[in-house]
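Colleague: There's a structure below that I have some questions on.
All of the numbers you see were taken from the coordinates with simple rules; none came from a lab. Just so it is clear, the model here is predicted, and its values are computed rather than measured. Note that we place each Cβ from the backbone using ideal geometry, even for glycine, and neighbour counts take in every protein chain shown.
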Amino acid sequence: MMNHRMNVLFLNFLTLGLLMFGVNLSVHAQPTSMVRLVIAFPPGGPSDALARQLADQLGVELGQNVLVENKPGGNGAVAAQYVLNAPNDGKTLWLTTAGAITINPNLYPKLTYDVQQFAPVSLVVNNQEVLVVNGKNPVSDVDEFLKSSLLKKGGLNLTSSGIGSMPHMAISLFQDSTGKTFTHIPNKGAAPAITDLLGDHVDGFFGDIPGVLSYIQAGSLKAIGIAATQRNPLLPNVKTFDEMGIKGMHLNNWSAIYVSKGVSNSVLDELNSAVKRTLENKATFEKIKASGADPQWSTRSDLSRMAQNESTTWRRVIQKYNVKAE
């Protein structure tokens, strides 16, 4: 009995000593709070997939649980306002696509959020746009696609995921680069646009590669041109528009993380570093790369500069083609 009491006392003193000297008795540090990663799209799409690919490793790097929250609606306005209404503690992050930052402010005269109220954290991925046609369409490149317009009464029609979407801007830029006119048929999202193309109701669609890759690989859609400066490694045989002599077709529907502007610089730096380490994680990098996106960290200033330059481009295109919000 005496030996048992001595053993208990010894263990208690040992535990107390370890705690006094700051030794962590747990095998792994446990996250102490919650970070919300907000996206402006419903579950199941490319943006949702990207958020979930990031969440676990970003949580490891921040030492906090990361919860993905879907806040669709208002072309990004619902998600934006949700982030702005949250405390300025850097725990509510907006994973947004380029359009909400660079297109919407030039398209909507009464946008319900102001991009100047947000602070850039880091770029996350670059997304090339690819022109796709129905898999049964005999054309093999953009030149043949343009020639086919001569054979079709009324010319070619191109669908998009909505007025002011990146695919819509791609159509306008395509007109700008070729001098051709296309009939724009807007849809309410990429999924119905792809459905229309699969049903042969429209002639083409500019889509983010992650959103159309599976259809291309299955043969139900055919990629005929990459709207970027270089080919995509998952579609190595698809030429860029530049290679086909059509200049100026460079689109990037990137995704990046922003927070409300009141977040301190020290927290912004911490978040930026955490995103960098997340994208450097091999498993995370490879998951994103396999989707067709290009993982890419950036400095805060580089992201800000890129967004400003692209906003200028889309302002010109919107004004030239008199693009009006729905």
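Colleague: What shape does region 196-290 have by the C-alpha gyration tensor, where a ≥ b ≥ c are the square roots of the eigenvalues, rounded means a/c under 1.5, and otherwise prolate means a/b greater than b/c and oblate the rest?
Modeller: prolate
Colleague: Please go through the residue pairs K91/K324; K71/K110; K188/K222 and name each one whose alpha carbons sit more than 25 Å apart in this structure.
Modeller: Flagged as over cut-off: K91/K324.
Colleague: Nearest-5 percent of antiparallel DSSP beta bridges in region 129-227?
Modeller: That works out to approximately 60 percent antiparallel.
Colleague: Okay, next question. Over the chain, what is the mean sequence separation of C-alpha contacts under 8 Å (at least six apart), divided by residue count, expressed as relative contact order in percent?
Modeller: Over the chain, the number comes to 25 percent.
Colleague: With a cut-off of at most 12 other beta carbons within 10 Å, and DSSP calling the residue loop, which trypsin sites (Lys or Arg not before Pro) in region 93-178 qualify? Please list them.
Modeller: K110, K136, K152, K153
Colleague: Right, here's the next one. Can you give the Rg to Rh ratio for region 129-227, taking only C-alpha atoms and Rh from Kirkwood?
Modeller: When Rh is taken as the Kirkwood radius, the ratio is 0.92.
Colleague: Which of K147/K247; K180/K247; K239/K287 have a Cα-Cα distance over 21 Å?
Modeller: Too far apart for the 21 Å limit: K239/K287.
Colleague: Work out the charge dipole of region 58-135 with +1 on the Cβ of Lys and Arg and -1 on the Cβ of Asp and Glu about the Cα centre, then indicate which of N75, F118, A86 is farthest towards its positive end.
Modeller: Sorting the options by dipole projection puts first N75.
Colleague: Amide H neighbours of F41 under 5 Å, counting only residues 5+ apart in sequence or on other chains, H built in-plane at 1.01 Å?
Modeller: Distant-sequence amide H within range of F41: K71.
Colleague: Based solely on its DSSP helices, what 222 nm [θ] is calculated for the chain when runs of n ≥ 4 H residues each add -39,500 (n - 2.57) and the sum is averaged over all residues, nearest 500 deg cm²/dmol?
Modeller: That calculation yields -13000 deg cm²/dmol at 222 nm.
Colleague: Then there's this: Using the Kirkwood radius over C-alpha pairs as Rh, can you work out the diffusion coefficient of the chain via Stokes-Einstein at 4 °C, viscosity 1.567 mPa s, in µm² per second?
Modeller: Rounded to a whole number, D works out at 60 µm²/s.
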